[in-house]
1. What order, most packed first, do the peptides 22-33, 142-153 have when packing is the mean number of other Cβ atoms within 10 Å of each residue?
2. Could you put Ser189, Ser114 in order of accessible surface area, largest first, with the 1.4 Å probe and the full protein assembly present?
3. Excluding same-chain pairs closer than 8 in sequence, count the lysine pairs in the stretch 95-216 whose Cα atoms lie under 22 Å apart.
4. Taking θ as phi - 60°, what are the ³J(HN,Hα) couplings along the stretch 21-29 by the Karplus curve (6.51, -1.76, 1.60), each to the nearest whole Hz, with x for Gly and Pro?
5. Taking 0.36 nm per residue of separation and subtracting the Cα-Cα distance, what length does fully extending Met208 through Lys127 add?
6. How far is it, in nm, from the label point at Glu149 to the one at Val47 when both lie 7 Å from their Cα along the line to the Cβ?
7. For His202, tell me the accessible area in Å² from a 1.4 Å probe, rounded to the nearest 10.
8. First compute the accessible area of the stretch 95-181 with a 1.4 Å probe, then give the percent of it belonging to carbon and sulfur atoms.
Amino acid sequence: MDTGSKFEGSVPHIFVTLGASGDLARKKIYPTLWWLYRDNLLPNSTVFYGYARTKCMVADLREKCDQYMKKRNSSKKKLENRTKMIPAQVKPGERGKYEEFWKINHYVSGAYNSRRDFELLNQELLKIEKNNGANRLFYLALPPSVFEEVTVVIRETCMGEHRGWNRIIIEKPFGRDAESSARLSEHLSRLFKEEQIYRIDHYLGKEMVQNLMTLSCDSQDLYDKKLLGQ
Ligand SMILES: NC(=O)C1=CN([C@@H]2O[C@H](COP(=O)(O)OP(=O)(O)OC[C@H]3O[C@@H](n4cnc5c(N)ncnc54)[C@H](OP(=O)(O)O)[C@@H]3O)[C@@H](O)[C@H]2O)C=CC1
Ligand SMILES: O=C1O[C@H](COP(=O)(O)O)[C@@H](O)[C@H](O)[C@H]1O
């Protein structure tokens, strides 16, 4: 299996959001995918798949996501908009592209522990790939209680015969404590190579967290008094 290290534009990319019906998907993942698509930051022939138990159509998913799709605001503007109750919307000039974005979205309904349902998902992906292979990313937008079973079926059903690399993305939390975190890592390492596993904590991109470096240089007292720990 090719784990892949290159961002190869000529090969199709398939981004599968597991738990597509949920809060993280609608508020963070789909808006981010839209911004990347809108700004031409994705490889050509990228396709998106949503997967969850909820039976729904792409149109239903779109309806849930619509209000979160506006370009990211600064925190100040976000606060102003919240206060004024202004609903977020895609800008008028971007609506054509927004329609294009939803046309390359698909949705498959199934359980997270069902081999059969994931085989069906795999069949869908293979149809898109038309025997040319593709690079596949599986984003676990799911409660941690589902991580173990879903990664087993992904490994068993969605990676075998197809050509291209496969990656798994997990949003924090990676366990509740050191022990459960190590258990999760151990489980994942039995299924995937480390370079296939991406662990994401979007809080590390937040301004305040980024500023910790500045704080650490400028405010030694803060550290000395262990205030950060508190
Ligand atoms: N929401 C956020 O902003 C953030 C979330 N996270 C993390 O991301 C992950 C997803 O979060 P979030 O989207 O808020 O979670 P949700 O509770 O919205 O769950 C996502 C989806 O998972 C399915 N699901 C929920 N509970 C179960 C269950 N007990 N068993 C099987 N499937 C279930 C549901 O889909 P269906 O029933 O259709 O299958 C649901 O739509 C979690 O690990 C969370 O800690 C991290 C950072 C931010
Ligand atoms: O990781 C988390 O993210 C959500 C969303 O936060 P946002 O500031 O990016 O909108 C937050 O509600 C949750 O507490 C946190 O654990």
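1. 22-33, 142-153
2. Largest to smallest exposure gives the sequence Ser189, Ser114.
3. 4
4. So the J values, rounded to whole Hz, are 7, x, 5, 4, 4, 6, 8, 10, 6.
5. Details: separation 81, 0.36 × 81 = 29.16 nm, distance 4.42 nm.
Stretched out fully, the Met208 to Lys127 stretch lengthens by 24.7 nm.
6. For the pair Glu149/Val47, the computed spacing is 2.8 nm.
7. Using a 1.4 Å probe on the heavy atoms, I get roughly 60 Å².
8. After summing per-atom areas, the C and S share lands at 48 percent.
The values are calculated or read from the model by the stated rules, or taken from the named source; none is laboratory data. A quick note: this is a predicted structure, and the numbers were derived from the prediction, not measured. Positions of Cβ are generated from backbone atoms using ideal geometry, with glycine treated the same way; all protein chains shown enter the neighbour counts. These area figures cover heavy atoms from the full protein model, side chains too; ligands, DNA and RNA do not enter into them. Shrake-Rupley method; radii C 1.70, N 1.55, O 1.52, S 1.80 Å.
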